[in-house]
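Okay, so here's the structure we're looking at.
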Amino acid sequence: MFPRAFVALLAVAAAAVGASSASASERIDLNATGVRLAVNDRGQALLTYRAGGRQRRVLVWGAVNARHPHPRIPQVRFRKHYSTPVRSFRNTCAPYDGPALKWFRLGCKAADGSYWAVQSWQRMLPGRGAAPTPRQAAWELRLSHWQGALPQLQIKLDWAYRRYDHLYGTYTYLGHPIFGFRVTRNGAPRDGYGRNLYLDTFNSAHGRGWRREAGFLAQNPRGNFCYGFFRRGSRPIGKGERYRVTIIGPGVTPDVYWESGAPGPYDREADRVANEEQRALSAGSKYCRPN
């Protein structure tokens, strides 16, 4: 049986051995191939894959959904164990019939009705369309486990200073905003609650196809955020034909995706309505001031 408490996303180091707890929302591995997922009737998942020239196995258990942000109670965690013998594991998971997920690799439906899913995407790409190193270009393998509703990423587009493409929105889970309490000077989350949005731009001055524009935080305490396509440093403005955002789910819920075309020519009335909405979303915040 799974615990009723909300819990957090698996984090594993590729070379680790033995049983331990894992901090929230970290990857399982990089550039994994031949991925297989099995789940038994004890609520344990077994991931088998190949990475770094080696066959790997990791057993995961004890986590579902997510806890709402709390300044003193840490986000709960998966347990994991490496090098689990395959012969000791009996798969009872049914085919996946859950909601469509971007970056989906595989998944299944457990006997208790919960879902397990594996997603893979390039989280570490550098911003402003810079060329990535091999490590920055790696595809992260990520595991989720949930029942019920998924997190909600709501994003709208408007204009900043009547000329720059701009986006704003909120990130919530079960009606509660998603945000963290501790971040580094560069805006990287330092607890299991904070989440960065990873923004890509399509066919922009950065180059053809999708290119990483930036990463930025969902703000405390409303889970709101904003981003304008201004010039920053020596890199060109990343205004593109389309935009997309990927963000790690709270706890062990799936990673969430949004995509839209650019807002097009400036519309004074639409911008006025958007600015009023942003004032309500970010009241009292030193970030995301309508303009």
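No value in this document is a laboratory result; all are computed from the given coordinates. If you're wondering where the values come from, they're calculated on a predicted model, not measured in any experiment. Here Cβ is always computed from backbone atoms with ideal geometry, including for glycine, and neighbour counts include all displayed protein chains.
Side notes on the structure shown:
- Pairwise alpha-carbon distances in the chain exceed 31 Å for 31% of all pairs.
- Among Gln219, Gln152, Ala94 - extreme Cα towards positive end, dipole of the chain, charges at beta-carbon: Gln219
- Dipole magnitude of the range 152-281, debye to nearest 20 (Cβ charges: Lys/Arg +1, Asp/Glu -1, about Cα centre): 540 debye
- Using C-alpha pairs under 8 Å with a sequence gap of at least 6, the mean separation divided by the residue count of the range 19-146 gives a relative contact order of 26 percent.
- q = 0.12, 0.16, 0.22 Å⁻¹, the range 111-193: log10 I(q)/I(0) [Debye, one scatterer per Cα]: -0.62, -1.07, -1.31
- Crossing angle, helix 268-281 versus the chain [Cα axis fit, 0-90 degrees, rounded to tens]: 50 degrees
- For Arg142, Arg208, the sequence from fewest to most other C-beta atoms within 10 Å is Arg208, Arg142.
- Couplings 3J(HN,Hα) of the range 43-55, computed from phi: x, 10, 10, 10, 9, 10, 6, 10, 7, x, x, 10, 7 Hz, in residue order, whole Hz [Karplus 6.51 cos²θ - 1.76 cosθ + 1.60, θ = phi - 60°; x for Gly and Pro].
- Taking the number of Cβ atoms within 10 Å of each Cβ as an exposure proxy, the fewest-first ranking of Phe230, Phe225 is Phe230, Phe225.
- Placing +1 on the Cβ of every Lys and Arg and -1 on the Cβ of every Asp and Glu, with no other charges, gives the chain a dipole of roughly 920 debye about its Cα centre.
- Of Tyr171, Leu281, Tyr193, farthest towards positive along the dipole that unit charges on Lys, Arg, Asp, Glu beta carbons give the range 152-281: Tyr193
- 16 Å Cα-Cα reach of Lys239 towards aspartates and glutamates, excluding residues that sit fewer than 8 places from it in its own chain: Asp158, Asp165, Asp200, Glu213, Glu259
- Taking amide H positions as modeled 1.01 Å from N, with prolines and chain starts lacking one, the residues under 5 Å from Cys93 and 5 or more places away or on another chain are Val39.
- Amide H contacts of Arg242 (H built 1.01 Å from N, in plane; Pro and chain starts excluded): Phe202, Ala262 sit under 5 Å, all sequence-distant by 5 or more or on other chains.
- When Phe78, Phe104 are arranged by Cβ crowding within 10 Å, least crowded first, meaning fewest neighbours, the order is Phe104, Phe78.
- Under a Gaussian network description of the chain, with springs only between Cα atoms under 10 Å, the residue in Gln152, Gln55, Gln278 that fluctuates furthest is Gln55.
- Each Cα pair under 8 Å and six or more residues apart adds its separation to the average, and for the chain the resulting relative contact order is 18 percent.
- Bridgeable lysines around Lys109 (alpha carbons under 24 Å apart, same-chain partners fewer than 8 residues away excluded): Lys80.
- Kirkwood hydrodynamic radius of the range 19-146, from inverse mean 1/r over distinct Cα pairs, in Å: 15.8 Å
- Each helix, a run of at least 4 DSSP H residues, gives -39500 (n - 2.57); summed and divided by the residues of the chain, these come to -1500 deg cm²/dmol at 222 nm.
- Taken over the range 152-281, the alpha-carbon convex hull comes to 112 cubic angstrom per residue.
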